[in-house]
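Here's the structure, in C-alpha cells; my notes come after.
The values are calculated or read from the model by the stated rules, or taken from the named source; none is laboratory data. Note that the structure is a prediction, hence the values are computed from the model and not measured. All Cβ positions, even for glycine, are placed from backbone atoms using ideal geometry, and neighbour counts span all protein chains on display.
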Amino acid sequence: MARLFFALQIPEAIRRSIVNAISPHLPRELFRMTPEHNLHLTLAFLGEIPEQNVPAADSALHGLSIGESSGSLELGEIGAFPRNGDPRVVWIGVTSGASLVEDLHGTIVSVLEERGLPFDGKPFKPHLTVGRCKKVRRSRDRRRSTPAPPPGEQEHSPGSAVSPAAAVRSMQKSLEGVRWTVPCTEVTLYESKLTPGGAVHTIRATSKT
C-alpha cells in the first residue's frame, strides 16, 4: 500500500519565513510543529492505495490540464480546527487566490474520478497545517481534585503559562496582516510514510501547471 496525496509545494524561503514567524507563538510543551520541510498545501488526499494503482496516480498527475489555474496565492489567515473549544490543528489559510486553488482541486478530483482512483471527499478548505496540539496527560488525582476549566482554556501543560487556545489567539493578533505569496505553478504527487518520528513526505512526481 502507498499513502499518496497531491499538493502545492511551498518554496524553501517561504517555508523558513513561516516557521520563523509562528514558532515563537506555539509553545513546544503545547504544540508539535510541522517540520519545515513537510509544509505543503494539500489539493487532494488519496490515502492508502494498492501498489498496483500507484502508476495510475502518476499518470493522473501528468494528465492534468490546468494552465488557466496557474498564478499565485496569498497565505496569512491564522486559524485552528475545531473553531470552538480547544484547538487540535493550527493552520494558515488562503487570504487571496482561493478560487485558483479550488479550481486546481476540482480539476484533480475530476481526473481521479475518471481513472477510478479513491480520494478524500470531505469539503475542501485550502490551508497549510503548521502545528498540532499535544495531548497533555493529567493524573487521576489531578482530575479528581481540580474542577474542569472553561472550554478553550483547559489542558494547560505543566510549565506553560497559557492554554493552547490562548496561544492561538495571541498568534492571530501578533501576525495579523502578515502575508506570504506562494506561486501556483506546479502540482506535486507525494508519498507519505508514517514513522514513530512523524510523517515523511517524498516527492514522486511534479507537473507544471
The one condition in (1) modelled with pLDDT of 90 or more; (2) out of contact with any helix residue (DSSP H, G or I) (no Cβ under 7 Å at 6 or more places or on another chain) that ARG15 fails to fulfil: (2)
Residues of the stretch 11-38 classified as touching a strand residue (DSSP E or B) at 6+ places or on another chain (Cβ under 6 Å) and assigned to a loop (DSSP other than H, G, I, E, B), total: 2
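One line per residue, one yes/no per condition, for (1) surrounded by fewer than 10 Cβ atoms within 10 Å (Cβ to Cβ); (2) hydroxyl-bearing (Ser, Thr, Tyr); (3) modelled with pLDDT under 90; (4) in a loop (DSSP other than H, G, I, E, B):
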| site | (1), (2), (3), (4) |
| --- | --- |
| ARG138 | no, no, yes, yes |
| GLY152 | no, no, yes, yes |
| SER170 | no, yes, no, no |
| GLY177 | yes, no, no, yes |
| ARG204 | no, no, no, no |
Check on ASP103, over 15 Å from GLY131 (Cα atoms) and in contact with a helix residue (DSSP H, G or I) (Cβ under 6 Å, 6 or more places away or on another chain): yes
Qualifying residues in the stretch 51-72 (those that are part of a loop (DSSP other than H, G, I, E, B) and not small (Gly, Ala, Ser)) - the one modelled with the highest pLDDT: LEU64
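Inside the stretch 187-202, can you point out the residues that are part of a strand (DSSP E or B) and either over 19 Å from the mean Cα position of the chain (by Cα) or surrounded by fewer than 15 Cβ atoms within 10 Å (Cβ to Cβ) (or both)? If you could, list the steps in order and put the result at the bottom.
Of all residues in the stretch 187-202, those part of a strand (DSSP E or B) come to 187-195, 198-202.
Of everything in the stretch 187-202, those that are part of a strand (DSSP E or B) and either over 19 Å from the mean Cα position of the chain (by Cα) or surrounded by fewer than 15 Cβ atoms within 10 Å (Cβ to Cβ) (or both) turn out to be LYS193, LEU194, THR195, GLY198, ALA199, VAL200, THR202.
Return yes or no: is GLU113 assigned to a strand (DSSP E or B) and out of contact with any His (no Cβ under 9 Å at 6 or more places or on another chain)?
Working: assigned to a strand (DSSP E or B): no; out of contact with any His (no Cβ under 9 Å at 6 or more places or on another chain): yes.
So GLU113 does not fit the description; no.
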Flag if VAL182 is farther than 30 Å from GLU51 by Cβ, aliphatic (A, V, I, L, M) and modelled with pLDDT of 90 or more: yes
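Quick grid of which residues meet (1) closer than 23 Å to PRO183 by Cβ; (2) exposed (fewer than 15 other Cβ atoms within 10 Å of the Cβ); (3) basic (Lys, Arg):
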site: LEU43; (1), (2), (3): yes, no, no
site: VAL54; (1), (2), (3): no, no, no
site: HIS62; (1), (2), (3): yes, yes, no
site: GLY76; (1), (2), (3): yes, no, no
site: PRO82; (1), (2), (3): no, yes, no
site: VAL94; (1), (2), (3): yes, no, no
site: GLU114; (1), (2), (3): no, yes, no
